[in-house]
Amino acid sequence: MKKLCTALLLALPSMSLLAAPAALPVEPKLAQQLAELGLKPTSVANSPVPGLLQVFTDRGLFFASADGQYLIQGEVFDLKNKVHINEEVMKPMRLAGVKKMAASAIEFKAKNEKFAVTVFTDTDCGYCRKLHSEMQDYLDAGITVRYLAYPRGGENSQTFSTLESIWCSKDKQGAMNKAKSGSEVSVAKCDTNVAAQYHMGQSFGISGTPALVLPDGSLIPGYQPAAALAAALTQLAKR
C-alpha cells in the first residue's frame, strides 16, 4: 500500500483545487469519541468528500461523519480531478510546520543547491542509515537535506536520548554522522525541541522513517535513491 500511495503521489499532478475550508467548532461528542481512541483534535473542517469532515489530530488527518459515528483513516483520491485529497489537505500544514522548525534542523547543504527536502529521521532506522550513507549522492544532485528528529520508539526510547545528544552537540553534523554509522554519540544535555519535532511528525501522520517532506509540502514515506528523488523534484518544479 505504501508503494502504491508513493507511486500515485508522484504520478498525479499537483492541483490546487481545494480551497481552504472554514474551521468548524469541534463538537463535544466527537472530541470525546476521539479522546477515547487517544486522539486529540486540533481543528475540524468540511472535507472535499460530501458528508465527511476532515479532522486534524495530534496523530494526523482523519475523516469523520458529521454525527461522529464513523471515523476513517486512509488515503482518499479524487479520481475525476486526479487529486490526492490527503496530500492537498496536508501540504500547507506540513509547509508551515517545517518552516517553524527550520532553524533547529540539522542541515547538510548542497554546494549547488537546486532543491531542499526535510527528512524526519531515526538514528537506528536501517533505511535512514542507508540514506545518510549516500548523502554525497544527494548533495551532488543539488539536494540539500534538512533533518528533523522522529524517534520511532517514542520519547522514552534510547533513540530519543541519542537524538537529543545529537541536537545538543557542538558539531551536530559530526554527531549525526557517528550515530548513522552505528557509533556511540557522546551524551549531551541541553534544551532541545526534539520532542516537538517528533510530535509534529506524528501530526503529519508519519509513522515510519525516513519520511521526506518536499518543497510543496508533499510527503514521501520511505527511502528514495538520490537519482529518483532528483527526478521527482525536477518533475515537481515543472508543475
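Throughout, read-outs are computed from the coordinates displayed, never taken from laboratory work. Not measured: the values here are computed from a predicted model. No Cβ is skipped: glycine too gets one built from the backbone with ideal geometry, and neighbour counts run over all protein chains shown.
The table for this structure:
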{"read-out": "Degrees, to the nearest 10: 194-203 long Cα axis against longest axis of the chain", "value": "30"}
{"read-out": "Summed residue charge, Cβ within 13 Å of Pro225's Cβ, Lys/Arg positive, Asp/Glu negative", "value": "-2"}
{"read-out": "Length-normalised contact order for the chain - Cα pairs under 8 Å, 6+ apart - percent", "value": "20"}
{"read-out": "Relative contact order for the range 18-80, counting Cα pairs under 8 Å that sit 6 or more residues apart, in percent", "value": "23"}
{"read-out": "Table column - 3J(HN,Hα) (Hz), the range 39-45, Karplus curve with 6.51, -1.76, 1.60, x for Gly and Pro", "value": "10, 10, x, 9, 6, 9, 8"}
{"read-out": "C-alpha long axis of helix 158-168 to longest principal axis of the chain, angle in °", "value": "70"}
{"read-out": "Ordering of 94-105, 213-224 by packing [mean C-beta count within 10 Å, highest first]", "value": "213-224, 94-105"}
{"read-out": "Global geometry of the range 97-237, whether rounded, prolate or oblate, following the gyration tensor of its Cα atoms and the 1.5 cut on a/c", "value": "prolate"}
{"read-out": "Cβ charges +1 (Lys, Arg) and -1 (Asp, Glu), total dipole of the chain, debye", "value": "500"}
{"read-out": "Alpha-carbon Rg with Dmax, taken over the range 46-124, Å", "value": "16.7, 53"}
{"read-out": "Range of Cα positions in the chain per principal axis (Å), largest first", "value": "52, 41, 29"}
{"read-out": "11 Å beta-carbon shell around Ala175, net charge (K/R +1, D/E -1)", "value": "+1"}
{"read-out": "Kirkwood Rh in Å, taken over the range 178-228 so that all alpha-carbon pairs contribute", "value": "13.5"}
{"read-out": "Computed [θ] at 222 nm, deg cm²/dmol, the chain (DSSP H ≥ 4; -39,500 (n - 2.57); rounded to nearest 500)", "value": "-11500 deg cm²/dmol"}
{"read-out": "Distance between the range 110-183 and the range 195-236 - C-alpha centres, whole angstrom", "value": "13"}
